[in-house]
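The values are calculated or read from the model by the stated rules, or taken from the named source; none is laboratory data. The structure displayed is predicted, hence computed values, not measured ones. Here the Cβ positions follow ideal geometry from the backbone for every residue, glycine too, while neighbour counts run over all protein chains shown.
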Amino acid sequence: MPQLPPGIRRALRQKALAASRRLSTGPEWERHVRHELDLLAPGEAWREAVTEGYHRLYYESGEAGGTWKDTRFLGVTTWKVPLDLWVYQELLAELRPGLIVETGTAHGGSALYLATLCEAIGRGQVVSVDIGHWPDRPAHPRLTYLTASSTDPEVVAQVAERAQGAGTVLVVLDSDHSRDHVLAELRAYAPMVTPGSYLVVEDTNVNGHPVYEAFGPGPMEAVQDFLKERDDFEVDRSREKFLFTFNPGGWLRRRG
């Protein structure tokens, strides 16, 4: 039957449910009335379809220059989903890390965001590593940029030295998204993550999870391989509580 206008559907719903309460001998009749008027609560398949559809719309709009590619923090381009940035804020408030390691700096928006949060909580330094150099990246007293490949052994050793004695260490991987590179990063930086803290692998949504199907094996596949190698990290789905994240399955918590 064709869908009725919302106002009429609400009115019919109330009348039908009132009649069911008067005439029925149990919940089956009410369920029958709801079904006849298409009032049953949406199932899990509907929820997943809506979430995935919005994810695709948001991502593809960004590729066209909107949404995530048109997001700024204090005027600095920040290629992140605001919901994910909020989760980072919660993580920093909970963990109060002494060191945050970010691979993949780009314009420096997320590095500035993390450094600003460190300033707000009165603790922490940010080290952001990228093979490229942008002379207009923002400066902050709690932020250090390293221009090099994130998997360069010398850079890994330098960051590892900073991690020693820093207390809680949080790592965010957001550079080259090919599976082999991300897996190399996971192997290099996982030892620096302190128990109870996080190793966040960004953009696990590409290669059809659910966007950019043509990307090829990427961060999601790297995470899957990494978790087969060691059992001291686990996927924390509670960090996906806002239903929509660019990092599904990528919020990895170190056990202990």
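Output yes when any residue across region 119-141 is assigned by TED's automatic domain parsing to the domain that holds Thr204, among the acidic types (Asp, Glu), over 30 Å from Glu213 (Cβ atoms) and not in a strand (DSSP E or B), and no when none is.
Taking region 119-141 first, the residues assigned by TED's automatic domain parsing to the domain that holds Thr204 are 119-141.
Remaining after also requiring among the acidic types (Asp, Glu): 119, 130, 136.
Next, from what is left, pick out any that are over 30 Å from Glu213 (Cβ atoms): 119, 136.
So of that shortlist, the ones also not in a strand (DSSP E or B) come out as 119, 136.
Yes, region 119-141 has at least one match.
Of all residue pairs spaced 6 or more apart or on separate chains, those with beta-carbon atoms under 7 Å, a first member in region 90-105 that is over 9 Å from Cys118 (Cα atoms) and assigned by TED's automatic domain parsing to the domain that holds Ser197 and a second member that is of a type in the set (Phe, Trp, Tyr) and buried (at least 24 other Cβ atoms within 10 Å of the Cβ) are Leu91/Tyr198.
Please work out which residue is farthest from Ala184 (Cα to Cα), limiting yourself to region 200-210 and to residues that are of a type outside the set (Asp, Glu) and either within 14 Å of the chain's Cα centre (by Cα) or not assigned by TED's automatic domain parsing to the domain that holds Asn247 (or both).
Pro210
Given the criteria crowded, with 18+ Cβ neighbours inside 10 Å and without any contact (Cβ under 8 Å) to a residue 60 or more places away in the chain, does Leu186 qualify? If you could, list the steps in order and put the result at the bottom.
Working: crowded, with 18+ Cβ neighbours inside 10 Å: yes; without any contact (Cβ under 8 Å) to a residue 60 or more places away in the chain: yes.
Taking the combined requirement at face value, the residue satisfies it.
One line per residue, one yes/no per condition, for (1) at pLDDT 95 or above; (2) exposed (fewer than 12 other Cβ atoms within 10 Å of the Cβ); (3) more than 30 Å from Thr194 (Cβ to Cβ):
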site: Glu44; (1), (2), (3): no, yes, yes
site: Tyr59; (1), (2), (3): yes, no, yes
site: Val76; (1), (2), (3): yes, no, no
site: Leu85; (1), (2), (3): yes, no, no
site: Leu91; (1), (2), (3): yes, no, no
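The number of residues in region 205-237 that are more than 16 Å from Thr51 (Cα to Cα) and among the polar types (S, T, N, Q) comes to 2. Selection of region 193-235 for residues being in a helix (DSSP H, G or I) and buried (at least 21 other Cβ atoms within 10 Å of the Cβ) yields Pro219, Met220, Ala222, Val223.
Kindly indicate whether Thr71 is over 23 Å from Phe246 (Cα atoms), touching a Lys or Arg at 6+ places or on another chain (Cβ under 9 Å) and surrounded by 13 or more Cβ atoms within 10 Å (Cβ to Cβ). It is false that Thr71 is over 23 Å from Phe246 (Cα atoms), touching a Lys or Arg at 6+ places or on another chain (Cβ under 9 Å) and surrounded by 13 or more Cβ atoms within 10 Å (Cβ to Cβ).
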